[in-house]
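Quick notes on the structure that follows.
The numbers here are math on the coordinates, done by the rules we state, and not lab data. Just so you know, these numbers come straight off a predicted model, no measurement behind them. Cβ atoms come from the backbone with ideal geometry, glycine included; neighbour counts cover every protein chain shown.
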Amino acid sequence: MRIQEIAAVFILLVFSLSDICAGTGEHEKRVPVIYCTDLFHPHDDPDDHFDIACLYSISEIDIKAIILDQGRKQKTNPGSIPISQLNYITGRSVPYAVGLSDKLKYFEDKGLWQAKEFQDGAGLILRTLKTSEEPVSIISVGSLRDIAAGYNRSPDLFRAKVDRLFIFIGEASARGHIEYNVGLDKYAYIRIMNSGLPVYWVPCFDGGLWQNNGRASYWKASHKDLLGNVSDRVMNYFIYALLKKNEKEPAKFPGNAINSNDKSKVLSMNRNLWCSAVFPYIAGRTYLRRGNKFTAIPKKASYPKEREIRPFSFEEVSVFVDGQADVFYEHTNRAKKLRQFRILQADIYAEVMTSVTAQLLLQLDRRWRTDDGRPSSLVPRPSYLPGFYGLAKPGDGVAACQFATSLP
């Protein structure tokens, strides 16, 4: 068969998959999420730009609200800029609010004494929980300030409506080491860790700064591995962030022509990461080996069972955090049970997490999708026509079809 005929058959196959998805996507259950982040432009640490881009990429996650941490700093380094760019790339309109400006003064502090202009973050958390018809998962990749303030204002609402609380923060074992996110608001961290809420704790380090002895999510990756295959619009999103660009219309910058010098600069960098490749777990995805690469696929996508891997898990522990933010593993009346991140396959962990992050960033720019993630009638660009594990079936839903047509 000639190459042209093979290409024609392949495109028809993609159209068929899109039709299947379009007919089933409306009934697919998505995971409602409130996302709290210390996202800035210009950035402090651009890992936050990678994280939120990957979150946008997972169609099974319904981002109900974004809370921008550290309100006063948001006035000069607005995280709303990368949000506007991601909304531009994906055609979405995710609501966001700026959070409290100052550290909590004590464990039960509601933050009501802080300026009115910084109350919207905690307010949006409470409104989202109250109005949601189902329990909501909360993801925090910065301080826990607005979450703790919201909990202090309405603990019963949190206990009734928070499904899971994923917090990327803290040190798993080295007492005396105040990890960066903890230092942003120590009282907030202690409050949530000792709250008894359904916490899924992902420590940033285990054994001290830049150390990971198996109970932290930290890994390192090269931008070449992470961004080597992304679309031009996604590349421009990272160029704007990483090179700290300043344009009159930043939201539309991803649509500009690529500057090859800027692209080369970005691809030459390396990145410390903690969060992005854990997000598929929150959506219920399965992690797989695919040749010498790895991927995370939606629940209903079919795959060879022997290729399934478990790079990490969450195990139940009993923990108390003292006034110095030191963690004590103990079975006492003061300790609370929570689920803690643990690496299961250390030999391939960094490779898996890098590969999964690259997959999500490749899938981010879906010009042919509608606002709610369903396929539109537009033809996918040729760069998004890779291989399959197998065909999605009627009833598999958007996510399975999205995987089938976008797997790197």
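Some observations on this one:
- Computed FRET value (nearest 0.05) for residue 210 with residue 245, which takes r as the C-beta separation and R₀ as 30 Å: 0.55
- Placing R0 at 22 angstrom, the Cβ-Cβ distance between residue 263 and residue 76 gives a FRET efficiency of 0.20 after rounding to 0.05.
- Whether the stretch 210-338 is rounded, prolate or oblate, judged on the alpha carbon gyration tensor where a/c under 1.5 counts as rounded: oblate
- Taking label points 7 Å from Cα along the Cα-to-Cβ direction, residue 330 and residue 113 give a separation of 3.0 nm.
- Checking the Cα-Cα distances for 103/248; 73/116; 75/248; 161/337; 64/220 against a 21 Å cut-off, the pairs over it are 103/248; 64/220.
- A simple spin-label model places the labels of residue 305 and residue 345 1.7 nm from each other, with each point 7 Å out along Cα-to-Cβ.
- Within the stretch 286-350, the trypsin sites (Lys or Arg not before Pro) that combine a DSSP coil assignment with at most 12 other C-beta atoms in a 10 angstrom radius are 334.
- Exposure proxy order (Cβ contacts within 10 Å, fewest to most) of 93, 318: 93, 318
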